1. Taking Rh as the Kirkwood radius, which is the inverse of the mean 1/r over Cα pairs, what is the Rg/Rh value for the range 210-332?
2. Taking the range 292-359 as the region of interest, what is the percent of Cα-Cα pairs per 5 angstrom bin, listed from the shortest bin to the one with the maximum distance?
3. Where does the range 84-128 land on Rg(C-alpha)/(2.2 N^0.38 Å)?
4. Let me check the size of the range 122-268 from its C-alpha atoms; what are the radius of gyration and Dmax in Å?
5. What is the ratio of the Cα radius of gyration of the range 151-228 to 2.2 N^0.38 Å, where N is its residue count, to two decimals?
6. Karplus couplings for the range 196-206 from phi (6.51 cos²θ - 1.76 cosθ + 1.60, θ = phi - 60°), rounded to Hz, Gly and Pro as x?
7. Mind listing the long-range amide H neighbours of residue 170? Cut-off is under 5 Å, sequence gap 5 or more, other chains count too, H placed in the peptide plane at 1.01 Å from N.
8. So if R0 is 56 Å, what FRET efficiency would residue 135 and residue 96 give, r being the distance between their Cβ atoms, rounded to the nearest 0.05?
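The values are calculated or read from the model by the stated rules, or taken from the named source; none is laboratory data. Keep in mind that what you see is a predicted model, and the values were worked out from it rather than measured. When we count neighbours, we look across all protein chains shown, and the Cβ atoms used for this are built from the backbone with ideal geometry, even at glycine. SASA here: full protein model, heavy atoms, side chains in, ligands and nucleic acids out. Shrake-Rupley method; radii C 1.70, N 1.55, O 1.52, S 1.80 Å.
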Amino acid sequence: MKKKKVIIGIVSLLIIGGLVWYFLGKTTNHKIIYDTVKVSRSNINQSITATGTVEPVTQVEVGTQVSGIVNKLYVDYNSEVKKGQVIAELDKTNLLNELASKRSTMANAKTQYDYQLRNYTRLKTLFDKKLIADTEYETALYNYETAKNSYDISRNDVAKAETDLGYATIYSPIDGVVLSRAVEEGQTVAASFSTPTLFTIANDLTAMQVVADVDEADIGDVAEGQRVSFTVDAFPNDVFDGTVTQVRQQATTTSNVVTYEVVISAYNPDLKLKPGLTANTTIFTLEKNNIITVPTKALRFTPVESLVSSNTEIVDVQAPQKVWIHDGNRFIAQAVETGISNGVLTEIISGIDEGTSIVSDMKVGETATPATNGNRQTESSPFMPQRPGGNRNR
């Protein structure tokens, strides 16, 4: 029994010793780690993405204002045309007959007008001499005015018939390239309710534009003159450049998503960009190159007095924006004036020189080995518990 009690006592002492060692001896030697960076020059860019469609800058749909059969087509897809060039003709038979009929009607109306004019002139002379009754004079005046109105109407009808005949010949309104042809020879076109489209002509395919749909959350950052790069699926390895030329005010709502059209000009000397291609655009809304910058988190850093060693001096300044320099046993605040920021980097306008080392972050580490990185410094905190034997030389 005595031997058993001794064994139990020894085991108990071992358990107690293990617990003491676990709770006291396992405590690590905490260190304060400072991340430092140098004030340097870099580029600050911020961009948004949007999808758009490649379109010609000037595109005209050519139609006809009269109905008829397409008698002749002079151009086809991709044909180059000049302004005023005849590109199609409609059958003119009915239009010529209509014009002849209107001219005959006008001739009859003029004959009637001339007769009533002579009769009115003669009766007016007699009426002035009081040789005829008022009723006879008024009848002559009425017939004269009626004949004059009929003659005027018939002249207008002839002018309209001549115009319609002119519409049977279709001319190109601009210099350009025929993108589409919607009719064939012999096809009947009807212009009763709307003008049918015969051709679509683009003015200059070397100068294209992209109409991109920008989300309402991003449209506030987009402005004319901003640089744009974009790609198209037809040439995935090519990157095209453009410039924002217009931000349209009209909103479009699709499936509860509000977008605004942004027009982007694009030079197309090789004619790779074709109308209708889908463009994946990147609009650079914020862009400055070769400027002095610091990490944005460095502007948010402030040394915590309870964590730094007791012999460390903190020299602070009153300023809206500041960075901190760690110089031996001193933290020195430096007031700075900031410019643009993309969230990661912030421009420094004045207050600190390029190449100066500043503190960007402070962390509590669990290693007693000093950092070998020149941009990282460690310092022991007197407020942290030390592991037994932690001060031994190694």
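1. The Rg/Rh ratio comes out at 1.26.
2. That works out to 4, 17, 28, 24, 14, 9, 3, 0, in percent per bin.
3. 2.13
4. Cα radius of gyration and Dmax of the range 122-268 are 31.1, 99 Å respectively.
5. Expressed relative to 2.2 N^0.38 Å, the Cα Rg reads 1.86.
6. Along the range 196-206, the couplings run x, 8, 9, 9, 10, 10, 9, 5, 8, 7, 7 Hz.
7. Amide H neighbours of residue 170, under 5 Å, 5+ apart: 87, 88, 89, 90.
8. E between residue 135 and residue 96, to the nearest 0.05, is 0.75.
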